[in-house]
There are 4 protein chains.
Amino acid sequence: MVRKLQVGVSGLGRMGARHARHFLERTPRAELVAAFDPSPEAQAWGKQHLEPYGTKLYTDYDEMLKHPGLEAVVVAGITTEHAPQTIKAIAADKHVLCEKPLSTKVEICEDVLNAAKAKPHLKVLCGFSRRFDASYRDAAEKIDNGEIGRPTILRSQTCDKFRNDDYFVQYAKFSGGIFVDANIHDIDLALWFFGQDSIVKSVTAVGVAARYPGLKQYDDVDNGIAVVEFWGGRIAYFYSSRMMMAGQQDTTEVIGTHGKLTVNANPALNLVEMHELGGVRREVDQTYYDRFEQAFVKESNEFTECILDDKKLPFKLSGAIQAVKIGCAMAESLKSGRKIDFDDTGVQIKEARARL
Amino acid sequence: MVRKLQVGVSGLGRMGARHARHFLERTPRAELVAAFDPSPEAQAWGKQHLEPYGTKLYTDYDEMLKHPGLEAVVVAGITTEHAPQTIKAIAADKHVLCEKPLSTKVEICEDVLNAAKAKPHLKVLCGFSRRFDASYRDAAEKIDNGEIGRPTILRSQTCDKFRNDDYFVQYAKFSGGIFVDANIHDIDLALWFFGQDSIVKSVTAVGVAARYPGLKQYDDVDNGIAVVEFWGGRIAYFYSSRMMMAGQQDTTEVIGTHGKLTVNANPALNLVEMHELGGVRREVDQTYYDRFEQAFVKESNEFTECILDDKKLPFKLSGAIQAVKIGCAMAESLKSGRKIDFDDTGVQIKEARARL
Amino acid sequence: MVRKLQVGVSGLGRMGARHARHFLERTPRAELVAAFDPSPEAQAWGKQHLEPYGTKLYTDYDEMLKHPGLEAVVVAGITTEHAPQTIKAIAADKHVLCEKPLSTKVEICEDVLNAAKAKPHLKVLCGFSRRFDASYRDAAEKIDNGEIGRPTILRSQTCDKFRNDDYFVQYAKFSGGIFVDANIHDIDLALWFFGQDSIVKSVTAVGVAARYPGLKQYDDVDNGIAVVEFWGGRIAYFYSSRMMMAGQQDTTEVIGTHGKLTVNANPALNLVEMHELGGVRREVDQTYYDRFEQAFVKESNEFTECILDDKKLPFKLSGAIQAVKIGCAMAESLKSGRKIDFDDTGVQIKEARARL
Amino acid sequence: MVRKLQVGVSGLGRMGARHARHFLERTPRAELVAAFDPSPEAQAWGKQHLEPYGTKLYTDYDEMLKHPGLEAVVVAGITTEHAPQTIKAIAADKHVLCEKPLSTKVEICEDVLNAAKAKPHLKVLCGFSRRFDASYRDAAEKIDNGEIGRPTILRSQTCDKFRNDDYFVQYAKFSGGIFVDANIHDIDLALWFFGQDSIVKSVTAVGVAARYPGLKQYDDVDNGIAVVEFWGGRIAYFYSSRMMMAGQQDTTEVIGTHGKLTVNANPALNLVEMHELGGVRREVDQTYYDRFEQAFVKESNEFTECILDDKKLPFKLSGAIQAVKIGCAMAESLKSGRKIDFDDTGVQIKEARARL
């Protein structure tokens, strides 16, 4: 019989529970042997959905790391635990798939990176789900084939459906703000399509809190726009929103010197269109997961394959730090009202100003 | 100063009034010198919209034909007058643009054709507006260029928006039925794209009266489907409806041996899309005129140009007879419940049947 | 630990191998314990892809039926074996998921139905994959909710990408012809949306062999059009083709008295669009499996669930016989050049004809 | 007979010749009585296309202004002449339709505005063609109706098809740069949808010269991105490009607190789609005029109507100055690499900076 990767999931909240099921049910080469979440709700959910299939439940993360035979950990709990748990798992010699962002602070990201560098035999992956999406991969392949010439301009947005509650405000307390939380994906796309080693030249961000004034207390907004110049003549510009009415709309456009391509310029829930009084209507994905479910499943399968077959991960961990760095600069620019410049080694230039 | 074509319009109903304005305002090389319509409403409309610009109004068609200098007549009144007025105009040595159909009877169409043949110096055009539409012309050009190989299958539909009144039932009294009235355009497209001299091999038509049961008294339906085989291995299939909720939807698809093309597969009123609760919505053309306004204007300009510059008309009058012949066979098939076969010269084969 | 359904697959050809993997890897509640295919290639494939995961390979179908603990069989070999293998499996008291069509002959389908009726505790499912597709299900739900009024007209097509080889000609020997092979899905959709108990009133079919003249020897065509009237005022019309250049295009449109809906009116491989010289281009699914992969996975999961939880199957086996009956009438109409009529109990009316 | 507006056109270059024909042929209530352009080519063109229809040609602008009965002038020559000719025409008591931009300098724009203010009986219109486009008007109406809530974010782009020559470089000498030349339309849209009296808060612009390095000598770029904050919590962001391969793509998106709308998110030349090897392809408008021809015709008709019927122009001249002011700030930001701030009366804040 074939060997299966022994996986544990940390965090059984919304996203963690999904990861758990992906490894349990939709990752043929892996077995979900352990799961950690101290909350009573999560334990109850695990007893019903995981335990009957052989997954052992833990209320202590360190205990889970000692689960016999455990080889890999999925870190999918709250953002502030991403880095500490990843570092602990690495210390325990486990491969790690960590949800994005590694941290909302650059220095902490670097701690993770250093921990990973010290154990080069481990696979440490930051879960940028779009990297596993069939359409983005097709786009990347076409770009690599030179079909649009040199990628020059990237436009990308992560826009959530409006929620008639205070979820987004509550969430803003620890999310790092809309740029680090939502546009982090778009920044990662810029690094993917422009080259992982692109060096940031400037960052400007603005925003408004149009539907959730409560965000202001956390220096956050519900609509953010940011422009990032990279050295070498490339520009990315981003939009993020929490107030889409139709549903989730994550769209990307890459403009090259000899063509352009779009990903999800026309969002749609499925292939149905209604012709009715008022016109022709199609429904739209409601959540991030509606849009990227298959990508998450691909992610768990490829993570498993990379470990079992000792293959290179599809992208480097260091990029995740770059993305956080740029996201944090956006948040800073939003707060200060200033454009932030970087020298050609990517080091931020500090300035003094005076109004005349 | 340049010479302008002297035009008269017969009929100032909905479509006739539009023709009048197209010649008056949007056909630079023509002058609308005369207009005929005996109805008081039409006369009142003409007094306001035409007379101040120099158009003389008539209540007698024969009188209008005697208007000094009149060169061309647009026949746009009720269907039953199309043929007699066209024949009279030809007799008076006028060029004619006649609205479709020439007649709902094949023999009468042939009378018009014979009248026209006797005066080859006159331009006699049957107004198949799609022939002047930019998209259909682009399609024709691509087909002529061989971009889809040999056209083999044609699907085409003419579907009207549902009306919450008895207009369609009233109209059915003299329209010749949905196939002759609506699908006549689609039949003409088949003749255009398959070749004007295509010979019909069989006709089958079925239909239902789903929203307007009153249509049954006229052997008419509000949803009709017909299949027409042509000798030489080509098939056209048609749909017509009077109960679209979103708006007008006239779509055509031409499938060739090496590719296919569609015209108006995704109807839209304009370039606006609404993202709102429920999804993404676009409005749709409400009427035939919304969709084909520019084609009608092109028609009046080209008709004028063909006369002034003595150019060949873009298509032959004989095709209009073919279209009526096929449309009438559809109506017959609908009524009899039988497939109608034609020999390879296009002559209908009569059969006797007995149930076993 | 939870109980998993013990499944065997018969046939490891293209589609059978997919079914095998779906049950092995993507159906969490099932175990693929056995697989049958006598061909050396299939055995080799099975040794590599199935055996290491615990699936026992058989070269004798009857032996596989005796596999200890086997509960259900997927019949996915050549069409002519569908019915005999299904009947044997039922006799051996196994649940069956049989690929469509049950048979290309109506009488044989009825044998299967009778066998199944004799063992009402068994779940016997005919694999109409579109029944498990998320978009078709959404359409069905909207129709059930009355969102388009009473479904009146259905247009549906199954169109394959052109292949530059003689596959379609070879395949025609035993496929039952394009209507039974391809449009069977569309007929099933008509029965779904119009009601499983709809009674056929007439069938007319025409076709041409435009790219594969070799099809004529089997009375088959590469482009077929058929119109089916149902008693009670409903009409379905169908198109099938083997010569699409862009890819697979399976489109359905349901027109109701108060609205219409389309499924896959704009086929697309993924969410990428290329803006390039010549315009905006999107790629298209190349095969039936590209389009319906998720539906097949859903099918294996629901089949499993219906057995384990003793739920009702999502549709009745008798509908599959209806679909074959209508498909065969299309093939007969194509061959005879005649419209075929049925009385209001669905019995075919035989006629004699004489040309006058 | 009815009175017709007596119009003269200044400049018979590409756009001027179009204006001339629009007034000659497609503006029923106007007469093109005069046209000015000193170039021999323009005179030759005018002799062929205008003179035979009664238009008098001039080689001296001042002479044209003296044309007996002349009531209105269309200023459509080179950008640097827009302001002087408009001011002269106003002085001669003529109504003026002036092509955008009034000038590439804010002060000169203000001179025009002052000249116009001094003669309030004259209609002076700056030709922002999108204001007359049916889709933008539909968008405006929907916004006015509150269909998207409060407009908060606007994204708009003006992107030209790549040209394989040095036209764009030559043009950059006097165009004022890509922001003033191309995005001026998008800025005007922001002022339209956010309110004509919106006060700019900050402007940031970046860009690259990716295909036309020759642009750098004029401080211009071929891809520009700009973000404009307005006081009161609204943001517009813009993109302009000279290197689209598929064709012209001018797209606008207005995001409101309760919905969003797009204009031309899916550009298309017409209603034809090609299904061919490689996928489904539609062609795209090649030029600005392809996209906005009908809007220009509407413009000439409405300008005429406003004068003849003494109606209010559809938008104020002062907005045109605002648009130029913002466009110039973009150009300045691009050049300086700095964000430009404005106080809440719209006055630019000057700053000193020092790198620490």
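Work out the length of the dipole vector of chain C about its Cα centre, built from +1 on the beta-carbon of each Lys and Arg and -1 on the beta-carbon of each Asp and Glu, and round it to the nearest 20 debye. All intermediate terms of the calculation are to be shown ahead of the outcome.
Details: 46 positive and 49 negative charges, 85 e Å.
With Lys and Arg at +1 and Asp and Glu at -1, about 400 debye.
May I ask which residue of chain C has the beta-carbon nearest to the axis carrying chain C onto chain A, and at what distance in whole Å?
Smallest Cβ distance to the axis, with its residue: C:R26, 3.
Provide C:T257, B:T252 in ascending order of the number of other Cβ atoms located within 10 Å of each residue's Cβ, fewest first.
Working: C:T257 18, B:T252 27.
In increasing order of surrounding Cβ atoms, one gets C:T257, B:T252.
With point charges of +1 on the Cβ of Lys and Arg and -1 on the Cβ of Asp and Glu, referenced to the Cα centre of chain B, which listed residue (B:G233, B:P68, B:F174) lies farthest in the positive direction of the dipole?
B:G233
Amide H neighbours of C:A209 under 5 Å, counting only residues 5+ apart in sequence or on other chains, H built in-plane at 1.01 Å?
C:D222
Where the centre of each part is set by its Cα atoms, how far does region A:66-128 sit from region D:1-65, in angstrom?
Cα centroid to Cα centroid, the span is 73 Å.
Select from chain B the helices, each a whole stretch of DSSP H, whose alpha-carbon atoms run 24 Å or more along the helix axis and whose Kyte-Doolittle mean is at least -0.5; answer none if there are none.
Values: long enough: B:288-308 (29 Å, -0.56); B:317-336 (29 Å, 0.72).
Counting only whole DSSP H runs, the qualifying helices are B:317-336.
Ignore the peptide's own chain and count Cβ atoms of other chains within 10 Å of each Cβ in A:144-153; give me the average, rounded.
On the way: counts 0, 0, 0, 2, 4, 4, 2, 1, 7, 9.
Mean shielding count: 3.
Which FRET efficiency value, to the nearest 0.05, do you get for A:T287 and D:D111 by plugging their Cβ-Cβ distance into 1/(1 + (r/R0)^6) with R0 = 60 Å?
Working: r = 55 Å, r/R0 = 0.92.
My answer for the efficiency is 0.65.
Would you list B:S39, D:S336, B:S198 from fewest to most Cβ contacts within 10 Å?
D:S336, B:S39, B:S198
Say a label goes 7 Å from Cα toward Cβ at B:V2 in every copy; what distances in nm does this one have to the rest, shortest first?
Listed shortest first, these distances are 2.1, 7.6, 7.9 nm.
Using Cα pairs closer than 8 Å and at least 6 residues apart in sequence, work out the relative contact order for region A:82-171, in percent. Intermediate values should be presented prior to the final figure.
Values: 61 pairs, mean separation 21.1, N = 90.
Over region A:82-171, the number comes to 23 percent.
Could you identify which residue out of B:S156, B:S103, B:S135 has the top mean-square fluctuation in a GNM of chain B using Cα springs shorter than 10 Å?
Highest fluctuation of the listed residues: B:S135.
Which shape class applies to the protein assembly as shown: rounded if a/c is under 1.5, otherwise prolate when a/b exceeds b/c and oblate if not, where a ≥ b ≥ c are the square roots of the Cα gyration tensor eigenvalues? Walk me through the numbers on the way to the answer.
Working: a/c = 2.43, a/b = 1.10, b/c = 2.22.
It is oblate, given that a/c is not under 1.5 and a/b is not larger than b/c.
With unit charges on the beta carbons (Lys and Arg positive, Asp and Glu negative) and the dipole taken about the Cα centre of chain A, which residue among A:Q348, A:L189, A:A116 sits farthest to the positive side?
Farthest along the dipole direction, towards plus: A:Q348.
Scan around B:L269 for amide H atoms under 5 Å from its own, H built in the peptide plane at 1.01 Å from N, and keep only partners 5 or more places away or cross-chain.
Long-range HN contacts for B:L269: B:E283, B:V284, B:D285.
Given contacts defined as C-alpha pairs under 8 Å and at least six residues apart, what's the relative contact order of region C:5-127, whole-number percent?
Values: 222 pairs, mean separation 28.8, N = 123.
Over region C:5-127, the number comes to 23 percent.
Separation of region B:238-305 and region D:297-326 by C-alpha centroid, Å?
That distance is 32 Å.
In 10 Å bins starting at zero, report the fraction of Cα pairs in region B:5-127 per bin as a rounded %.
All Cα pairs, binned at 10 Å, distribute as 15, 50, 30, 5, 0 percent.
In whole Hz and in residue order, list the ³J(HN,Hα) couplings for region B:120-132 that follow from phi through the Karplus curve 6.51 cos²θ - 1.76 cosθ + 1.60, θ = phi - 60°; x for Gly and Pro.
x, 7, 8, 8, 10, 10, 9, x, 7, 4, 4, 5, 10
Please check: in the Gaussian network model of chain D (C-alpha springs, under 10 Å), which one of D:G279, D:G46, D:G224 has the largest mean-square fluctuation.
D:G279
When the dipole is taken about the Cα centre of region D:5-127, and only Lys, Arg (+1) and Asp, Glu (-1) are charged at their Cβ, what size is it in debye, to the nearest 20? If you can, show how the numbers build up before the last one.
On the way: 15 positive and 15 negative charges, 78 e Å.
Using only the charged Cβ atoms, the result is roughly 380 debye.
In debye, nearest 20: dipole of region C:293-356 around its Cα centre with unit charges on the Cβ of K, R (+) and D, E (-)?
Numbers: 11 positive and 11 negative charges, 124 e Å.
Using only the charged Cβ atoms, the result is roughly 600 debye.
What gaps in nm, shortest first, separate A:G54 from its twins in the other copies when you place the label 7 Å past Cα toward the beta carbon?
Here the equivalent label points are 0.6, 9.3, 9.3 nm apart from this one.
Considering only DSSP beta bridges with both partners in the protein assembly as shown, what is the antiparallel share in %, to the nearest 5? The partial results should precede the final answer.
Numbers: 167 of 283 bridges.
Roughly 60 percent of the beta bridges in the protein assembly as shown run antiparallel, per DSSP.
If one computes the Cα centroid of region C:136-150 and of region B:173-224, what distance in Å separates the two points?
28
Rounded to the nearest 500, what is the protein assembly as shown's calculated 222 nm mean residue ellipticity when only DSSP H runs of at least 4 contribute -39500 (n - 2.57) each, over all residues? All intermediate terms of the calculation are to be shown ahead of the outcome.
Numbers: 40 runs with 496 residues, N = 1424.
About -11000 deg cm²/dmol.
Please state the relative contact order of chain D as a whole percent: Cα pairs under 8 Å, 6+ residues apart?
Numbers: 702 pairs, mean separation 67.3, N = 356.
About 19 percent, as a whole number.
Which residue fluctuates the most in chain D, going by a Gaussian network model with Cα springs under 10 Å, if the choices are D:L271, D:L154, D:L113?
It is D:L271.
Please list the non-local residues whose amide H lies under 5 Å from the amide H of A:A30, H modeled 1.01 Å from N, same-chain partners needing a gap of 5 or more.
Here A:L5 satisfy the definition.
Please report the antiparallel percentage of the DSSP beta bridges confined to chain A, to the nearest 5. Write out the running numbers ahead of the final one.
Details: 34 of 63 bridges.
Antiparallel: roughly 55 percent of the beta bridges in chain A.
A short reminder: the numbers here are calculations on the coordinates, not readings from a lab. Treat the numbers as computed from the prediction; the structure is a model and nothing was measured. Cβ atoms come from the backbone with ideal geometry, glycine included; neighbour counts cover every protein chain shown.
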